[in-house]
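Everything on this sheet refers to the single structure shown next.
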Amino acid sequence: GSTSLRRRVFEFNTVAKAFTTRSWNLRTESAPNMIADAWALDGHRMVVIERDAGRGLTAVFRNVYVVDFKKVDADGYVQKRLAVDLTNIADPNLVSLPEIHPGDVGIGNPFKVVCESIEAVQVLSASRLLLACDNNLPNLGRNPTVADDSEIIVVDVPGLKAKG
């Protein structure tokens, strides 16, 4: 695989306060994409945010994957499974409405995470994630005329902790 798609994951032992000798390769979907945050599901799986550098209407790639460090392919890359596409979150009950500022984008059904810095994920349960945007004032994402507010988003992700 292309090294421009490779991100290295290093294991850190919090008891010994040192890196171990273990590391893995994680393949991004596009060379400029970033791994923004990760959270452990169990002893060998994590959820990770992979995102582009877009904001507002140019924020087109924001996926949360479940990564399994026990499943490595022939090229040395860990297996990842899409958990949720943050640019296409079903909001049939329209909880993201009404807009806070006139001209807000990405609200309604589907809801879209359009801040530039979607940089925090926390597993709340076997089927829920909490995500947070770092507003990096004065970034303009949710609205082209107003600096981003901090956004905390809870997303239902059925089967999040399912094995495999």
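The values are calculated or read from the model by the stated rules, or taken from the named source; none is laboratory data. For clarity, every value in this text was computed on a predicted model and none was experimentally measured. Neighbour counts run over all protein chains shown; Cβ positions are idealised from the backbone, glycine included. SASA here: full protein model, heavy atoms, side chains in, ligands and nucleic acids out. Shrake-Rupley method; radii C 1.70, N 1.55, O 1.52, S 1.80 Å.
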The range 66-86 residues that are polar (S, T, N, Q), paired with ones that are part of a strand (DSSP E or B) (beta carbon under 6 Å, 6 or more apart):
79/68; 79/71
Exception for residue 40 within (1) at pLDDT below 95; (2) touching a strand residue (DSSP E or B) at 6+ places or on another chain (Cβ under 9 Å); (3) open to solvent by 80 Å² or more (accessible area, probe 1.4 Å) falls at (3)
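Please verify whether residue 148 is surrounded by fewer than 19 Cβ atoms within 10 Å (Cβ to Cβ), at pLDDT below 95, touching a Gly at 6+ places or on another chain (Cβ under 6 Å) and not hydrophobic (A, V, I, L, M, F, W, C), treating the condition exactly as stated. Explain how you work it out, then say what you get.
On the way: surrounded by fewer than 19 Cβ atoms within 10 Å (Cβ to Cβ): no; at pLDDT below 95: yes; touching a Gly at 6+ places or on another chain (Cβ under 6 Å): yes; not hydrophobic (A, V, I, L, M, F, W, C): yes.
No: the conditions fail for residue 148.
Taking the range 155-164 as the search range and keeping residues that are open to solvent by 70 Å² or more (accessible area, probe 1.4 Å) and not basic (Lys, Arg), which one is farthest from residue 116 (Cα to Cα)? Before the answer, list the steps.
Going residue by residue through the range 155-164, those that are open to solvent by 70 Å² or more (accessible area, probe 1.4 Å) are 156, 158, 161, 163.
Next, from what is left, pick out any that are not basic (Lys, Arg): 156, 158.
Working: 156: 22, 158: 26 Å.
Filtering first and then ranking leaves 158.
Looking only at the range 4-13, count every residue that is in contact (Cβ under 8 Å) with a residue 24 or more places away in the chain and part of a strand (DSSP E or B) and tell me the total.
3
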Counted residues, the range 14-25 - those being open to solvent by less than 60 Å² (accessible area, probe 1.4 Å) and either free of Cβ contacts under 8 Å to residues at least 12 places away in the same chain or under 20 Å from the mean Cα position of the chain (by Cα) (or both)
4
Taking the range 129-139 and keeping only residues that are open to solvent by less than 30 Å² (accessible area, probe 1.4 Å) and either hydrophobic (A, V, I, L, M, F, W, C) or free of Cβ contacts under 8 Å to residues at least 60 places away in the same chain (or both), one is left with 129, 131, 132, 133
Restricting to the range 130-164, give me the number of residues that are part of a loop (DSSP other than H, G, I, E, B), touching a Cys at 6+ places or on another chain (Cβ under 7 Å) and of a type in the set (D, E, K, R).
2
State yes or no: is residue 53 touching a Pro at 6+ places or on another chain (Cβ under 8 Å), surrounded by fewer than 19 Cβ atoms within 10 Å (Cβ to Cβ), at negative phi and not in a strand (DSSP E or B)?
yes
Can you tell me which condition residue 3 does not meet? The list is (1) open to solvent by less than 50 Å² (accessible area, probe 1.4 Å); (2) modelled with pLDDT under 95, and all the others hold.
(1)
Those residues that are open to solvent by less than 30 Å² (accessible area, probe 1.4 Å) and within 17 Å of the chain's Cα centre (by Cα), I need them from the range 104-128; list them, please.
106, 111, 113, 114, 115, 117, 118, 121, 123
Within the range 15-22, is there a residue that is basic (Lys, Arg), in a strand (DSSP E or B) and closer than 23 Å to residue 59 by Cβ?
no
Tell me, please, whether a residue that is without any contact (Cβ under 8 Å) to a residue 24 or more places away in the chain, in a strand (DSSP E or B) and open to solvent by 20 Å² or more (accessible area, probe 1.4 Å) can be found in the range 28-37.
yes
